[in-house]
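Where a number appears in this text, it was derived from the coordinates with a stated rule and is not lab data. None of the values given here were measured: they were computed from a predicted structure. Here Cβ is always computed from backbone atoms with ideal geometry, including for glycine, and neighbour counts include all displayed protein chains.
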Amino acid sequence: MNILFRGGGFSNKGDEAMMLTVQKELAKRLPGTNFFLRTSQKQVEEAHSCGLFSSTSTGGPFARMVRLAGAYVANRDVRRASRLSVIAAEEIADLGHVDCVVDISGFNYSDEWGAKRARRPLAWAEYCGAHDKPYICLPQAWGPFQITGVARAVRQLCKYASVLYARDEVSLSFLRELLGPDGDRIRMAPDVAFLFTGESPRAGRGLLEALGLDIKSSPLVGIAPNMRVYERCRGVGAGSEYIQLMTKVAEHCIHTWGASVILLPHMFSVHKVEHKDDRFLCGLIKLGVSDSDRCFTIRKYVSAALTKSIEGQVDLMIGSRFHSLVFALSQGVPAVALGWAHKYPELMGSVGLDGNALIHTQFAEKSVIELLNMAWESRAQSKAAIRKRLPEIRKQAARVFDDAAEILQHSG
């Protein structure tokens with residue numbers, strides 16, 4: 001069996017964690033399965049090292065156009081896909097032999113991203129529908145769907161999907177409202193990255209020590225900034241309200257709590273055309289911290305597994321990246337979410353930390369510092385609450401793969 005990932009990759013550590021978790025869990029249930037991923041050229045080595053078949057666009061625009069033209073003439077699926085997306089048509093020309101598409105987009109289907117992004121998977125969904133192959137949407141955030149083009153695209157996607165998972169109650173309600181009586185294939189389950197296996201604790205400690213951190217001498221706080229939050233706040237660079245807030249947060253951790261701070265990027269640019277990623281934000285925050293000897297950051301690319309290992313070493317995670325929170329919480333580490341969408345408070349509520357989240361429209365400095373102080377003082381209680389919830393969360397996440405394996409075994 002050949003399974004194609006939609007939404008995976010190695011630039012975003014959450015995408016990577018979800019993808020590798022799906023690969024591992026389905027491989028256990030369906031021995032002999034091969035997994036495919038469309039990547040940039042810079043990600044090919046990473047894909048191959050994980051046992052993934054990688055397909056990538058090669059050559060210049062003219063060469064790609066010639067290849068696609070040949071496929072267009074010979075392949076009806078390519079012709080159908082080209083109406084929706086040239087990129088998807090290229091993918092189908094290269095990978096049209098897959099038996100299933102597993103969508104792990106995380107959060108692509110919403111008014112937040114617009115109709116263009118919502119339409120991207122439709123070519124593959126139509127392909128699966130035309131060949132009676134499963135298209136499976138694993139747990140992710142959904143909605144809202146007030147923009148007509150977004151609603152239409154998501155409704156069309158859902159028509160072809162064998163099963164749809166929402167990972168929180170708000171997303172579930174958006175999907176049910178959109179689909180109405182046709183929503184019988186919607187299910188709810190936690191993020192599958194709760195099952196992701198990181199590297200050993202020793203690996204995380206080793207990297208921190210290599211940076212010059214002595215994690216035995218003082219508490220350690222992790223801060224994971226997010227370009228998506230930065231883009232939604234006023235100001236640019238060091239003048240950004242978000243950067244100024246996160247700098248004050250880091251200073252508060254150092255001077256009030258006596259902690260050291262590790263700034264943790266979760267997004268790395270691994271595309272042909274380089275662009276700013278989370279390391280840019282980490283650099284700006286570190287630059288603004290007065291006691292820079294107590295503030296550390298990761299500058300080089302690291303894997304999701306090593307990132308999770310590092311985040312297991314901190315005493316508190318302050319995360320604007322959704323999966324920095326998942327990585328911490330799945331190891332029993334208390335956390336505070338400073339995010340931008342409904343998925344953040346929903347995640348924190350799922351582990352019993354209902355009050356430990358603010359979104360960007362609530363980022364008054366006083367409110368943020370009060371929340372952080374509360375979270376810092378209640379770390380022991382939070383750890384107990386998290387650990388109480390984790391067994392059931394993992395059980396629910398594992399059930400997703402039991403269901404997916406059953407669908408795949410009965411397909412075709």
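So the values come out like this:
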read-out	value
Folded to 0 to 90 degrees: helix 278-288 orientation relative to the chain principal axis, Cα	20 degrees
Spacing of the two label points (7 Å from each Cα toward its C-beta) at Glu392 and Thr256, in nm	3.3 nm
Whole-Hz ³J(HN,Hα) from phi, Karplus 6.51 cos²θ - 1.76 cosθ + 1.60, for region 363-369, glycine and proline x	7, 5, 4, 4, 5, 5, 5
Of Lys133/Lys159; Lys13/Lys133; Lys13/Lys248; Lys13/Lys276; Lys42/Lys300, those spanning more than 19 Å from alpha-carbon to alpha-carbon	Lys13/Lys133; Lys13/Lys248
Ranked packing of 12-22, 129-139, most packed first, by mean Cβ within 10 Å	12-22, 129-139
The chain: angle of helix 241-255 to the longest principal axis, Cα-based, in degrees nearest 10	50 degrees
Three-way shape call for region 145-250 based on the alpha-carbon gyration tensor, with the a/c threshold at 1.5	oblate
Positive minus negative residues near Val78 (Lys, Arg vs Asp, Glu; Cβ under 15 Å)	+2
Using alpha-carbon coordinates, inclination of helix 61-74 to the longest axis of the chain, degrees	40 degrees
Three-way shape call for region 239-330 based on the alpha-carbon gyration tensor, with the a/c threshold at 1.5	oblate
Region 201-391 shape via C-alpha gyration tensor axes, a/c threshold 1.5	rounded
Overall dimensions of region 192-291 by Cα: Rg and Dmax, Å	15.0, 43
Protection proxy ranking, peptides 187-195, 80-88, average beta carbon neighbours within 10 Å, highest first	187-195, 80-88
Cα Rg, Dmax, region 310-412, angstrom units	15.9, 58
Potential lengthening between Arg155 and Glu365 on full extension [0.36 nm per residue; Cα-Cα distance subtracted]	71.6 nm
Partner aspartates and glutamates for Lys216 [C-alpha distance under 17 Å; skip if fewer than 8 residues away on the same chain]	Asp293, Glu311, Asp315
